[in-house]
Amino acid sequence: MIYFDNASTTKVNSEVLGVITKSMNEIYGNPSSTHSLGRKAKVTIETARNSIAKIMGCKPKEIIFTSGGTEADNAIIFNAINNLRVERIISSPIEHHAVLDTLQKIEKDELAEVIWLKVDSRGNINIDQLEELLQENKKTFVSLMHVNNEIGNILDIEKVGAICKENKAIFHSDTVQGISHLNYKLKELSVDFICASAHKFGGSKGIGFIYKRDGVKFTKQIFGGEQERDFRSGTENIHGIIGMQKALEISEKNKTESEKHLLELKSHLISSIKNEVDGVTFNGLSDDLEKSISSIINIKLPTSKANKMLVFQFDLKGIAISEGSACSSGNNLGSHVIKKLYPNTDIGSNIRISFCKENTLEEVDTFVRILKELLSK
Ligand SMILES: Cc1ncc(COP(=O)(O)O)c(C=O)c1O
């Protein structure tokens, strides 16, 4: 199987798997227990927190472990409503569902005003509009993702952070897709909250974290015990945490080399498609090597050849990709991201190819050959 669906999830790295399995055997105490097994578990968690904070360029106490990206986005957004008491939220219509659906619920329940920024046909978010809106003197929370999970566009997080800081807005960025790829240190950014999900970078599913800038108010959104310094209740997923630590350490160590390889795969795919496959275009900025992430390419297939079963057909040929769309009960609802790029038109057939460092140029060639075959049917 050629696995080109790494933006959905990655395979657990074998070294990470080793660390997780070992910890399941050896570190089984409850971190809240006071006996030695409990204390050992607690120390393991705090060691992981320190290592993750060091890599992310923040203080250990700014890291709060969660069950992944969705919980983190929800907790950060509901904290803005319930605790920071913001009047207004500004976001974009091409956020991941973890942000989008949460904000739509807030809008529906009239818990705050929600403003959706304009997005152009290449997925650029209108930052001038954000700047203008922030000049109105309202207590505002801004949520804009760092890397779009469907089209790979990278947001200028430094610029947006600076604008938010200047206008005293709270800034959250869903950084789930950028972590392990992009270089930044949180202490150098004007961002108040970010979130991460380990299964996007070789860790296991069901574990992630929130970064909460020191000094910004946060209260837990899940109630129960006083774990995570009372920021998030529930017995810690210690095996997930230690695996996430290892996965982040490995990706940090290999980052330069992996990015070089991913860019090679991406530029090879872009040039092969441009040279060999007629009528295929690129969605968002995914053919711009500087403005989109190295791991994601999203393509639009020729209208006449549009085929809803394409993911299935690729699967039959041994390639896992994903459609730039969400399907439910046989109805193709279409991707909310692609729909926003081309409003009032039939969005046609779009697919996302997403790489990891284990993918090869030969696999890209096989994909292009099969794409040509399927389109010529
Ligand atoms: C940008 C983004 N945010 C949030 C999530 C949700 O993360 P999780 O699967 O850990 O809940 C994902 C996963 O698809 C994502 O790509």
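Out of residues 5 or more away from Ile2 or on other chains, whose amide H comes under 5 Å of its own, with H placed 1.01 Å from N in the peptide plane?
Amide H neighbours of Ile2: Ile319, Ala320.
Test of understanding: express the Cα radius of gyration of the range 14-253 as a ratio to 2.2 N^0.38 Å, with N the residue count.
This ratio for the range 14-253 stands at 1.02.
Hey, if you put +1 on the Cβ of every Lys and Arg and -1 on every Asp and Glu Cβ in the range 14-253, which of Asn79, His96, Gly206 ends up farthest toward the positive end of that dipole?
Going by the Cα projections, it comes out as Gly206.
With a 10 Å Cβ neighbour count serving as the proxy for reagent exposure, in which order, fewest first, do Arg369, Arg352, Arg229 appear?
Arg229, Arg369, Arg352
Assigning unit charges at the beta carbon (Lys, Arg +1; Asp, Glu -1) and nothing else, what dipole magnitude in debye, to the nearest 20, does the range 126-283 show about its Cα centre?
Its charge dipole is roughly 500 debye.
How far, in degrees from 0 to 90, does helix 361-375 lean away from the longest principal axis of the Cα atoms of the chain, to the nearest 10?
It is inclined by approximately 50 degrees.
Bin by bin, in steps of 5 Å, what percent of the Cα pairs in the range 196-351 do you find, going until the bin that has the longest distance?
Histogram of Cα-Cα distances, whole percents per bin: 1, 7, 11, 14, 15, 13, 12, 12, 8, 4, 2, 0.
When only DSSP loop residues count, what chymotrypsin sites (Phe, Trp or Tyr not before Pro) in the range 148-251 have their Cβ near at most 15 other Cβ atoms within 10 Å?
In loop regions of the range 148-251 (DSSP not H, G, I, E or B), the sparsely surrounded chymotrypsin sites (Phe, Trp or Tyr not before Pro) are Phe223.
Counting DSSP beta bridges in the chain, what percent are antiparallel, to the nearest 5?
60 percent
Please state the charge dipole magnitude for the range 210-293, taken about the Cα centre, from unit charges on C-beta atoms (+1 on K and R, -1 on D and E), reported in debye and rounded to the nearest 20.
Dipole size: approximately 380 debye.
So if I place +1 on the C-beta of Lys and Arg and -1 on the C-beta of Asp and Glu, and nothing else carries charge, what would the dipole magnitude of the range 14-253 be about its Cα centre? I want it in debye, nearest 20.
Working: 31 positive and 32 negative charges, 191 e Å.
Rounded to the nearest 20 debye, it is 920 debye.
Could you work out how far helix 157-166 tilts from the main Cα principal axis of the chain, as a 0 to 90 degree angle to the nearest 10?
Once rounded, one gets 50 degrees.
Counting other Cβ atoms within 10 Å, which GluC sites (Glu not before Pro) in the range 126-232 have at most 14 and lie in a DSSP loop?
Those satisfying the criteria are Glu136, Glu226.
Rounded to the nearest 500 deg cm²/dmol, what is the calculated helix-only ellipticity per residue at 222 nm for the chain, with -39500 (n - 2.57) per DSSP H run of length n ≥ 4?
About -12500 deg cm²/dmol.
Ranked by Cβ crowding within 10 angstrom, fewest neighbours first, how are Val364, Val216, Val119 ordered? Don't skip to the answer; put the middle values down first.
Numbers: Val364 24, Val216 15, Val119 20.
The order, fewest Cβ neighbours first, is Val216, Val119, Val364.
Return Ser36, Ser67 ranked ascending by Cβ neighbour count within 10 Å, so the fewest neighbours appear first.
The most exposed by this proxy come first: Ser36, Ser67.
Could you pull out the chymotrypsin sites (Phe, Trp or Tyr not before Pro) across the range 1-92 that fall in loop regions by DSSP (anything but H, G, I, E, B) with no more than 13 other Cβ atoms inside 10 Å? Walk me through the numbers before you get to the answer.
Numbers: sites: Tyr3, Phe4, Tyr28, Phe65, Phe78; in loops: Phe4, Tyr28.
Sparse-neighbourhood loop chymotrypsin sites (Phe, Trp or Tyr not before Pro): Tyr28.
Just want the answer: with Cβ charges of +1 for Lys and Arg and -1 for Asp and Glu, which residue in Phe65, Thr10, Leu117 is farthest toward the dipole's positive end in the range 1-124?
Of Phe65, Thr10, Leu117, it is Phe65.
Mind pulling the angle between the C-alpha long axis of helix 97-108 and the longest principal axis of the chain? Nearest 10 degrees, somewhere in 0 to 90.
Computed tilt is about 70 degrees.
Which residue, Phe231, Met24, Val191, has the largest displacement toward the positive end of the dipole of the chain when charges sit on each Cβ (Lys, Arg +1; Asp, Glu -1)?
Looking along the dipole axis, the top candidate is Met24.
Every number in this text was worked out from the coordinates using simple rules, so none of it is lab data. Since this is a predicted model, take the numbers as computed values, not measurements. With ideal geometry, Cβ positions are generated from the backbone for all residues, glycine too; neighbour counts draw on all protein chains shown.
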